[in-house]
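The values are calculated or read from the model by the stated rules, or taken from the named source; none is laboratory data. Just so it is clear, the structure is predicted and the values come from calculations on it, not from any experiment. Heads up, the Cβs are rebuilt from the backbone with ideal geometry, glycines too, and the neighbour counts pull from every protein chain shown. We work out accessible area using only protein heavy atoms, side chains counted, and drop any ligands, DNA or RNA first. Shrake-Rupley method; radii C 1.70, N 1.55, O 1.52, S 1.80 Å.
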Amino acid sequence: QVQLVESGGGLVQAGGSLRLSCAASGRTFSRYVMGWFRQAPGKEREFVAAMWWSGSNTHYADSVRARFTISRDNAKNTVYLQMNSLKPEDTAVYYCAAKVADGTVLRGFEYPYWGQGTQVTVSS
């Protein structure tokens, strides 16, 4: 059974940084894409970033490109989201998700596996 457990959220001032972690277990993820999504209060869930577990392909939403970096540690089966230059509009619950690496990575409904989410709050 696939398990994704996020950690690392918290409260930070605008301009600050946070690193989110997603510990994955339950299967070999070499053929998977790992994605980060977020959902702010009253808004729809949106794509943030994705990384193919094999290779170095990554994809970012325009709103976070150049500020956020997705990476992985194969030995720890963990995916990270380094968030720099945080803005109040980055405030949301951030979710880690996993899917087999086929098709688009942007659409949340294509991801069958999700973590419980971690809250990120950026104060102005």
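Would you tally the residues in the stretch 27-65 being in contact with a strand residue (DSSP E or B) (Cβ under 9 Å, 6 or more places away or on another chain), at pLDDT 95 or above, open to solvent by 20 Å² or more (accessible area, probe 1.4 Å) and outside any strand (DSSP E or B)?
Looking only at that region, the number is 5.
Taking the stretch 66-79, which residues are in a strand (DSSP E or B) and farther than 22 Å from Gly16 by Cα?
Once the filter is applied, which keeps residues that are in a strand (DSSP E or B) and farther than 22 Å from Gly16 by Cα, the stretch 66-79 yields Asp73, Thr78.
Check off (1) in contact with a strand residue (DSSP E or B) (Cβ under 7 Å, 6 or more places away or on another chain); (2) over 18 Å from Cys22 (Cα atoms); (3) open to solvent by 30 Å² or more (accessible area, probe 1.4 Å) for Gln82 and give me the number that stays unchecked.
Answer for Gln82: the failing condition is (2).
Considering only residues of the stretch 100-124 that are aliphatic (A, V, I, L, M) and within 17 Å of Trp53 (Cα to Cα), which is surrounded by the most Cβ atoms within 10 Å (Cβ to Cβ)?
Val105
In the set Ala92, Ala14, which member is open to solvent by less than 20 Å² (accessible area, probe 1.4 Å), more than 21 Å from Pro112 (Cβ to Cβ) and touching a strand residue (DSSP E or B) at 6+ places or on another chain (Cβ under 7 Å)?
Only one candidate qualifies: Ala92.
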